[in-house]
1. Yes or no: Val54 aliphatic (A, V, I, L, M) and either modelled with pLDDT of 95 or more or in a loop (DSSP other than H, G, I, E, B) (or both)?
2. Could you check how many residues of segment 32-83 are among the small types (Gly, Ala, Ser) and at positive phi?
3. Got at least one residue in segment 72-81 being touching a helix residue (DSSP H, G or I) at 6+ places or on another chain (Cβ under 6 Å) and either assigned to a loop (DSSP other than H, G, I, E, B) or among the aromatic types (Phe, Trp, Tyr) (or both)?
4. Just checking, which of Ala45, Ala2, Ala9 is loosely packed, with under 12 Cβ neighbours inside 10 Å and not in a loop (DSSP other than H, G, I, E, B)?
5. Name the single residue, out of those in segment 26-45 being modelled with pLDDT of 95 or more and in contact with a strand residue (DSSP E or B) (Cβ under 9 Å, 6 or more places away or on another chain), that is farthest from Leu15 (Cα to Cα).
6. If you scan segment 23-33, which residues turn out to be out of contact with any Cys (no Cβ under 6 Å at 6 or more places or on another chain) and buried (at least 18 other Cβ atoms within 10 Å of the Cβ)?
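The values are calculated or read from the model by the stated rules, or taken from the named source; none is laboratory data. Note that the structure is a prediction, hence the values are computed from the model and not measured. Neighbour counts are summed over all protein chains in view; Cβ atoms, including those assigned to glycine, are modelled from backbone coordinates with ideal geometry.
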Amino acid sequence: MAFDWHDPATWPGALAGMDKVYIVYYPHLAVPGAYEAVKGLTEEAKKAVVKKAVLLSGKGEKEAERCEQVVAGSGLDYTLVRASWFNQNFSESFLMEFPSFDKSFSSPATSNMAPVHRLG
């Protein structure tokens, strides 16, 4: 079944027969329209008798937190995944140009600590 974030008519068919849904809004929860789309999909999930929703969210972003509140307040069993760099392998685009790519990776430091795991 086709699913299109920009076509709510596709949502009921995509949810039919599902008991769990993993919500990943493209391109990101911080863009205009994300809140309305997540709210609409969550409402459709309840109509489809989905039991659990997992939302891939952002880390400390107000727009993402609004979407989290929709899922958390829906009455569905839920999990919120607050990923900072989800599935990042540092092997694309400009990152490959770093001379020390095979040894270390540095990013601007903040007061928040976030783990970075590199496999391989």
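1. Values: aliphatic (A, V, I, L, M): yes; either modelled with pLDDT of 95 or more or in a loop (DSSP other than H, G, I, E, B) (or both): yes.
In short, yes.
2. Initial filter on segment 32-83 (among the small types (Gly, Ala, Ser)): 33-34, 37, 40, 45, 48, 53, 57-58, 60, 64, 72-75, 83.
Add one more test, that the residue is at positive phi, and what stays is 33, 60, 75.
Residues that pass the stated criteria total 3.
3. Applying the first criterion (touching a helix residue (DSSP H, G or I) at 6+ places or on another chain (Cβ under 6 Å)) to segment 72-81 yields 74, 78, 80.
Now restrict to residues that are either assigned to a loop (DSSP other than H, G, I, E, B) or among the aromatic types (Phe, Trp, Tyr) (or both): 74, 78.
Scanning segment 72-81 turns up at least one residue that is touching a helix residue (DSSP H, G or I) at 6+ places or on another chain (Cβ under 6 Å) and either assigned to a loop (DSSP other than H, G, I, E, B) or among the aromatic types (Phe, Trp, Tyr) (or both).
4. Working: Ala45 fails: loosely packed, with under 12 Cβ neighbours inside 10 Å; Ala2 fails: not in a loop (DSSP other than H, G, I, E, B).
So the residue among Ala45, Ala2, Ala9 that is loosely packed, with under 12 Cβ neighbours inside 10 Å and not in a loop (DSSP other than H, G, I, E, B) is Ala9.
5. Step by step, filter segment 26-45, then rank; the result is Val38.
6. Correct list: Ile23, Tyr25.
Residue-by-condition table, conditions (1) without any contact (Cβ under 8 Å) to a residue 40 or more places away in the chain; (2) touching a Phe, Trp or Tyr at 6+ places or on another chain (Cβ under 8 Å); (3) among the aliphatic types (A, V, I, L, M):
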residue: Pro12; (1), (2), (3): yes, no, no
residue: Leu15; (1), (2), (3): yes, no, yes
residue: Lys20; (1), (2), (3): yes, no, no
residue: His28; (1), (2), (3): yes, no, no
residue: Gly40; (1), (2), (3): yes, yes, no
residue: Glu43; (1), (2), (3): yes, no, no
residue: Ala48; (1), (2), (3): yes, no, yes
